[in-house]
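*Asks:* Please find one structure pasted underneath; my questions will follow.
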Amino acid sequence: MPNAPVDIDNVFTYHPPFGDQQARYEDIRENGKNMANIINVHCPATSIEKAAAIAHLRMAIMWANAAIACNEFPTEQEKNEVPSEHMGTSMKFLTELEKDE
């Protein structure tokens, strides 16, 4: 979606993991590492295409983890489990907004 608005606060805010997010981040990274090892073994060592494949794999892992971090929001219970100094700006805003309701 090239013309979709960007929530700059959300994109540039640290999102501490909650729930099972940490385990999913690690699963994505571990499987990415496995794929990187396969590429490393099967592709010529000095090939620019191999370097590009590894670089794109790194980006895919980063974007997959960002999809989790930027698009999932904790439940009320999970919000209470995260120390406020570790909350991102968007999460603090949502918490305050809900208090006002």
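*Asks:* When you check A69 against the structure, is it without any contact (Cβ under 8 Å) to a residue 12 or more places away in the chain and assigned to a helix (DSSP H, G or I), yes or no? Quick ask: steps written out before the conclusion?
*Replies:* Working: without any contact (Cβ under 8 Å) to a residue 12 or more places away in the chain: no; assigned to a helix (DSSP H, G or I): yes.
So A69 fails the test.
*Asks:* Just give me the residues in segment 18-28 being outside any helix (DSSP H, G or I) and in contact (Cβ under 8 Å) with a residue 24 or more places away in the chain, in sequence order.
*Replies:* Filtering segment 18-28 for residues outside any helix (DSSP H, G or I) gives 18-20.
F18, G19 - these are the residues of segment 18-28 that are outside any helix (DSSP H, G or I) and in contact (Cβ under 8 Å) with a residue 24 or more places away in the chain.
*Asks:* Please verify whether Y14 is part of a helix (DSSP H, G or I), among the hydroxyl-bearing types (S, T, Y) and at pLDDT 90 or above, treating the condition exactly as stated. Working first, answer last.
*Replies:* On the way: part of a helix (DSSP H, G or I): no; among the hydroxyl-bearing types (S, T, Y): yes; at pLDDT 90 or above: yes.
No.
*Asks:* Would you check which residues across segment 1-17 are aliphatic (A, V, I, L, M) and in contact (Cβ under 8 Å) with a residue 12 or more places away in the chain and list them?
*Replies:* Within segment 1-17, the first condition is being aliphatic (A, V, I, L, M), and the residues that meet it are 1, 4, 6, 8, 11.
Answer for segment 1-17, where residues must be aliphatic (A, V, I, L, M) and in contact (Cβ under 8 Å) with a residue 12 or more places away in the chain: just V11.
*Asks:* While we're on this one: What's the number of the only condition in (1) among the β-branched types (V, I, T); (2) assigned to a loop (DSSP other than H, G, I, E, B); (3) modelled with pLDDT under 90 that T95 fails to meet?
*Replies:* With (1) among the β-branched types (V, I, T); (2) assigned to a loop (DSSP other than H, G, I, E, B); (3) modelled with pLDDT under 90 applied to T95, the lone miss is (2).
*Asks:* So in segment 39-50, with the set limited to residues that are surrounded by 13 or more Cβ atoms within 10 Å (Cβ to Cβ) and farther than 21 Å from E26 by Cβ, which one is farthest from the chain's Cα centre (by Cα)?
*Replies:* C43
*Asks:* Separate question: Where the second residue is surrounded by 14 or more Cβ atoms within 10 Å (Cβ to Cβ) and basic (K, R) and the first is over 22 Å from A67 (Cα atoms) and lies in segment 29-56, which pairs have Cβ atoms under 8 Å and are six or more apart or on separate chains?
*Replies:* Note: pairs meeting the criteria are I39/K50; N40/K50; C43/K50; P44/K50.
The values are calculated or read from the model by the stated rules, or taken from the named source; none is laboratory data. Quick caveat: nothing in here was measured; it's all calculated off a predicted structure. Here the Cβ is made from the backbone with ideal geometry for all residues, glycine too, and neighbour counts use every protein chain on show.
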